[in-house]
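The values are calculated or read from the model by the stated rules, or taken from the named source; none is laboratory data. The shown structure was predicted, so the numbers you read here are calculated from the model rather than taken from an experiment. Note that each Cβ is placed from the backbone with ideal geometry, even for glycine, and that neighbours are counted across all protein chains shown.
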Amino acid sequence: MINTLLIEFLQNRLTEAILKTFEEKISSDDAQADIAQCQQENFGHYQCNSALKLAKILKENPRKVAEQILKNIDPVEDGFELFSKIEIAGPGFINLTLDKDFLSEYLNQKILSDPKLGAKKGDKTKRIIVEFSSPNVAKELHVGHLRSTIIGDSLARLFEFLNYDVLRLNHIGDWGTQFGMLINYLKKYQPKILSKEEKVDLSKLTIWYKEAKRLFDEDENFKNDSRKEVVSLQSGEKTAKNAWNIICDISRKAFKEIYDLLDVKIIERGESFYNDDLLKIVDDLEKKGFIEVSDGAKCVFIEGFKNREGNPLPIMVQKSDGGFNYDTTDIAAFKHRCEIERANRIIIVTDLGQSLHFQMIYPLVVKAKYLDPNKTQFDHVTFGVVLGEDKKKFKTRSGETEKLIDLLNKAVDHAKNILKERLKDEDSKTIEQAAKNLGISAVKYADLSNHRVKDYIFSYDKMLSLEGNTAAFLFYSYVRILSIKRKINPNMEELLKTTKIELEHPSEISLALQLARFAETLHLMSRDLLPNRLTDYLYDLATKFNVFFRDCRVEGTINQNQRLLLCHLTEKVFKAGFYILGLKPLEKM
Ligand code: ARG
């Protein structure tokens, strides 16, 4: 049986046919078959688009080219006929329909018993760093951080599922001159916080932070004292450092509450982690001759980046007062991640607004030889903004940007209202848990199912709808499988040993093909880092399962056992998909 993704197998098979047909007339590059999934299943399962391109090279009619290729396709694999139909369509597409017996055998041998469901397993020694969430200390997380958290977590989960060595990093904003103001403020107005006689939460701290900022701008004395605190903090002076630790702890507690609710694991490695590297990096950049001093600040200019006036845009690595900033820290982070963590791939998830920042930092770290593009791939994964139902930037009624924890809890409340009806016979604890799972999953799914670069509209009603591309709809299909299994109550282990999938009905074949393509979907998602590839896939899977369930009776038919295997496999694929998206399905609905 074949050992690659279906699409890759067909690509090889068609490439062989093209080479055999036109051997000396074309280069081996041109012979690489271009295979895609067919958009419409009644035309075929896969299509080969190569004849059109080859026709231009060979100066022949594309349909004639397709006919010649067709004659040379080896139609047998492992004793199985590969295709039930091969057709030339339109200007010269070759449409391939897989044979049901081949597809059955492929599922039986390659997917059914594989915990990874046919996915291409990654190399355990390859390290992938996924940096996501990254909120700022003394500030609340906002919906932008929510998107980063949800998208980043699902990418990390994907690579974990595929066996890679994944490091999840939270690059929190825990350093900078702003802490001088806050420490100064707490010392003067809230000493009991610093002596730990009183406790406070992040909401209060953010109010004080705003107050401190106001004083800093208005009061010369306050400003001077704040600056002194910055110097104390940077030199590691004890009281300042202690105050900073308290501020970070308060923030950390609030962040943790959200990560726990979302069930997101992440290692904190904030900006402060790189403090000791910054001076060395500026020295090194200076030695390499990259630094230009502009208005007393040390800057690096990267070719091609200009401001609105058309003047070269600098990366400022050291301010005129000697301080470092966001840019310097990111350079240090890249260096550390390549040299110490030995990352093979670095993925950073932030809003689109940071694109220019990374477009400039990346060539600099390459030029400074901190990152070798042959060893480490870098992806800046960006996303658009969350909009309210009024299509304006998401806000609560009071006009403040919605607090994340409130937003998540509201989703859980909405889910509870829906489930109270549906789960009438369950106890309140079960409903509570189910509401939490559905509410949080709905928020995550709504985010992930939108193409991440686009803005999307946040709507509780839409995300919790049982119809359409929602977590609730998928869970509903999933729950259907569980209830068939509950009803028939088969010994699954035994069944897996004694029964095989034997596809017959068109709705079975259509479901089976979808199941076989899970691996292809993950492969695509690992390349372009678009979670909506997987949500679209699961939505199609649910739809195809529902059609199968409508057309093909399971219980009490001669097909019961082999259809149960299809149900079982669908359940497994759903589970794996939900896991990667960070969703927690319900058992009943
Ligand atoms: N803390 C930043 C913010 O809230 C995001 C950090 C993104 N990551 C990075 N390596 N710069 O906007």
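General remarks:
- Residues of segment 191-204 that are away from the ligand (no atom under 16 Å from the Cβ), surrounded by 16 or more Cβ atoms within 10 Å (Cβ to Cβ) and either within 30 Å of residue 337 (Cβ to Cβ) or not β-branched (Val, Ile, Thr) (or both): 194 alone.
- Single condition residue 267 does not satisfy, out of (1) more than 30 Å from residue 410 (Cα to Cα); (2) out of contact with any helix residue (DSSP H, G or I) (no Cβ under 8 Å at 6 or more places or on another chain): (1)
- Filter result for residue 128 (outside any helix (DSSP H, G or I) and within 16 Å of the ligand (Cβ to nearest atom)): yes
- Residue check for residue 378: in contact with a strand residue (DSSP E or B) (Cβ under 9 Å, 6 or more places away or on another chain) and farther than 30 Å from residue 336 by Cα: no
- Going through (1) under 13 Å from residue 364 (Cα atoms); (2) surrounded by 12 or more Cβ atoms within 10 Å (Cβ to Cβ) one by one, residue 253 falls short only on (1).
- Residue in segment 144-154 that is in contact with a Gly (Cβ under 6 Å, 6 or more places away or on another chain), among the hydrophobic types (A, V, I, L, M, F, W, C) and crowded, with 21+ Cβ neighbours inside 10 Å present: no
- Test: residue in segment 489-511 that is out of contact with any helix residue (DSSP H, G or I) (no Cβ under 6 Å at 6 or more places or on another chain), among the basic types (Lys, Arg) and more than 30 Å from residue 455 (Cα to Cα): yes
- Filtering segment 247-301 to residues that are in a strand (DSSP E or B), at pLDDT 95 or above and away from the ligand (no atom under 16 Å from the Cβ) leaves 291, 292, 293, 297, 298, 299, 300, 301.
- Subset of segment 197-214 [assigned to a loop (DSSP other than H, G, I, E, B) and of a type in the set (A, V, I, L, M, F, W, C)]: 200
- Filter result for residue 501 (within 29 Å of residue 262 (Cβ to Cβ) and among the β-branched types (Val, Ile, Thr)): no
- Pairs, first in contact (Cβ under 8 Å) with a residue 12 or more places away in the chain in segment 247-274, second buried (at least 19 other Cβ atoms within 10 Å of the Cβ) and of a type in the set (Phe, Trp, Tyr), C-beta under 6 Å, six or more apart: 271/175; 272/175
- All positions within segment 449-474 that are closer than 24 Å to residue 406 by Cα, hydrophobic (A, V, I, L, M, F, W, C) and assigned to a helix (DSSP H, G or I): 463, 471, 472
- The set of residues in segment 227-255 that are small (Gly, Ala, Ser) and under 22 Å from residue 268 (Cα atoms) comprises 236, 240, 243, 251, 254.
- When residue 480 is tested against (1) at positive phi; (2) assigned to a helix (DSSP H, G or I), exactly one condition is not met: (1).
- Annotation: residue 387 fulfils all but one of (1) under 16 Å from residue 529 (Cα atoms); (2) more than 19 Å from the chain's Cα centre (by Cα); the unmet one is (1).
- Scanning segment 145-189 for residues that are among the hydrophobic types (A, V, I, L, M, F, W, C), assigned to a loop (DSSP other than H, G, I, E, B) and within 16 Å of the ligand (Cβ to nearest atom) yields 172, 175.
- The residues listed here are 286, 309, 271, 303; of these, the one that is charged (D, E, K, R) and touching an Asp or Glu at 6+ places or on another chain (Cβ under 7 Å) is 271.
- Residue within segment 539-550 that is more than 28 Å from residue 437 (Cβ to Cβ) and either in contact (Cβ under 8 Å) with a residue 24 or more places away in the chain or not small (Gly, Ala, Ser) (or both) present: no
- Any hit, segment 334-346, residues being over 18 Å from residue 318 (Cβ atoms) and among the β-branched types (Val, Ile, Thr): yes
- Pairs linking a residue in segment 172-189 that is over 12 Å from residue 244 (Cβ atoms) to a residue that is among the acidic types (Asp, Glu) and in a strand (DSSP E or B), with Cβ atoms under 8 Å and 6 or more positions apart or on different chains, are 172/268.
- Criterion (free of Cβ contacts under 8 Å to residues at least 12 places away in the same chain, of a type outside the set (S, T, N, Q) and either crowded, with 20+ Cβ neighbours inside 10 Å or assigned to a helix (DSSP H, G or I) (or both)) met by exactly one of 520, 493: 493
- The lone exception for residue 364 - which of (1) more than 23 Å from the chain's Cα centre (by Cα); (2) more than 16 Å from the ligand (Cβ to nearest atom); (3) within 24 Å of residue 300 (Cα to Cα) it fails: (2)
- Neighbours by Cβ (under 9 Å, 6+ apart or cross-chain): first from segment 458-473, on the phi > 0 side of the Ramachandran plot; second outside any loop (DSSP other than H, G, I, E, B) and not acidic (Asp, Glu): 468/462; 468/539
- Taking segment 447-459 as the range and being touching a helix residue (DSSP H, G or I) at 6+ places or on another chain (Cβ under 6 Å) and surrounded by fewer than 19 Cβ atoms within 10 Å (Cβ to Cβ) as the test, only 451 passes.
- On the stretch given as segment 65-84, residues that are in contact with a Leu (Cβ under 8 Å, 6 or more places away or on another chain) and more than 22 Å from residue 19 (Cβ to Cβ) total 1.
- Note on segment 1-30: residues that are among the aliphatic types (A, V, I, L, M) and loosely packed, with under 15 Cβ neighbours inside 10 Å total 1.
- Residue identified as in a strand (DSSP E or B), in contact (Cβ under 8 Å) with a residue 12 or more places away in the chain and aromatic (Phe, Trp, Tyr) among 334, 358, 305, 324: 305
- Here residue 435 meets each of (1) under 23 Å from residue 540 (Cβ atoms); (2) crowded, with 16+ Cβ neighbours inside 10 Å with one exception, condition (1).
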